[in-house]
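Notes to accompany the following structure.
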Amino acid sequence: METMETMETMETPLAQVRGLGSAREGAHHWWTERLTSVSTLLLFIWFAVSLLRLPGLDYRTVNEWLQGPLAAVPMLLLIVSTFWHLKLGMQVVIEDYVHEEGSKFLSILLLNFATVAGAAFALFAVLKIALGGGPHA
Amino acid sequence: MNRNPSRPLSPHLSIWRWGPHMLVSILHRVTGVGLATLGAVALIWWLMAAASGPDSYATFLHWATGWFGILVGIGLSWAFFQHMLSGLRHFVMDIGAGYELSRNKFWANMTLVGSVLLTALLWAWILWGMRG
């Protein structure tokens, strides 16, 4: 590594480190990963208990269940929490194993797109059931 | 070479023995990636099928209750329990506890035993319910 003393550059020290990620951001990522792991765990316990208590998992039962606010709202939270958590976790895996800068950038870009798109589909489905007014047929 | 024995050695990165803590560590990643991909797709599919109507839901149920779906379901539930238990172990280690060699090894092993046990319990419950 060349140091500032030996390297002739027009760039300021700040300009040289910009875009390489900052301090604090890593701690925030770590903390949010922990926070979403707790919320995801609590919501999945609710989810598992709710499913096991349902008389069945047929179309009508699931639809009627998801129409109630006490099922739809936790389900929406579960989707946000889960997709947020998996995005943070997958990002760490990518950062650890994809070393080439271009592929890493592209992988994280795709991860962000896929996570938001996946969560949007899941949220839409729950909202459609909850606000749609009853199962079809 | 002369060495002062009271000073610590630098870590010998090439000298190590396989242990349960290593297995649990890599399993946390593997199960996390599995849940994030296959698990997320399964969740989206289930919700979209339920929102799209009885025909879509019937297609989902056909796959989910077939042998392939049950195999994936068993795999995903094991991955969930393994990831959950090693995640809880991470919380303990995050506060700086559980690093003593024997205790660390014990709880690493317990996540492996626990995930298999919880998976067995869950599927015993589900398959027993499907019969009745």
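Coordinate-derived values only; no laboratory data. Predicted model, so just to flag it, every value in this text is computed and none were measured. Because the Cβ atoms are built from the backbone with ideal geometry, glycine has one as well, and the counts that use them run over all protein chains shown.
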Which translational diffusion coefficient, to the nearest whole µm²/s, is obtained for the range B:20-131 from the Stokes-Einstein equation, given a Kirkwood hydrodynamic radius over C-alpha pairs, 37 °C and 0.692 mPa s? 211
Using the Kirkwood radius built from alpha carbon pairs, what does the Stokes-Einstein equation give as D for the protein assembly as shown at 25 °C and 0.890 mPa s, in µm² per second? 113
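In peptide A:44-52, what is the residue-averaged number of other protein chain Cβ atoms found within 10 Å of each Cβ?
Working: counts 2, 1, 0, 1, 3, 0, 0, 1, 4.
Other-chain Cβ atoms within 10 Å of each residue's Cβ, averaged: 1.
Based only on other Cβ atoms within 10 Å, what is the fewest-to-most ordering of B:L127, B:L23, A:L66? It would help to have the intermediate numbers written out before the result.
Working: B:L127 10, B:L23 15, A:L66 21.
Ranking B:L127, B:L23, A:L66 by Cβ neighbours within 10 Å, fewest first, gives B:L127, B:L23, A:L66.
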Cut-off under 19 Å on the C-alpha distance; same-chain residues fewer than 8 positions from A:K128 excluded. Which lysines are left, in chain and number order? none
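Based on Cβ point charges of +1 for Lys and Arg and -1 for Asp and Glu, what charge dipole magnitude is obtained for chain B about its Cα centre, in debye rounded to the nearest 20?
On the way: 8 positive and 3 negative charges, 132 e Å.
My answer is approximately 640 debye.
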Ranked list, fewest to most other Cβ atoms within 10 Å of each Cβ, for B:I44, B:I26: B:I26, B:I44
Report the GluC sites (Glu not before Pro) located in the range A:33-110 that are in a DSSP loop and have at most 11 other Cβ atoms inside 10 Å of their Cβ, or state none. A:E100
Two pseudo-spin positions, 7 Å from Cα along C-beta at A:V93 and at A:A15, lie apart in nanometres by 4.0
Proximal lysines relative to A:K104, as straight alpha-carbon distance under 23 Å, when same-chain residues fewer than 8 apart are discounted: A:K87
Please rank A:I45, A:I79, fewest neighbouring Cβ atoms within 10 Å first, as an exposure proxy. A:I45, A:I79
So between B:L101 and B:L23, what do we pick up on full extension, going 0.36 nm a residue minus the alpha carbon distance? 26.6 nm
Two-decimal log10 I(q)/I(0) for the range A:89-137, as the Debye equation yields it once each C-alpha is a single scatterer, q = 0.25, 0.33 Å⁻¹: -0.87, -1.11
Using a Debye calculation, one point per C-alpha and no hydration shell, please list log10 I(q)/I(0) for chain A at q = 0.13, 0.17, 0.19 Å⁻¹ in order. -0.73, -1.01, -1.13
Other protein chain Cβ atoms within 10 Å, averaged over every residue that makes up B:49-58: 6
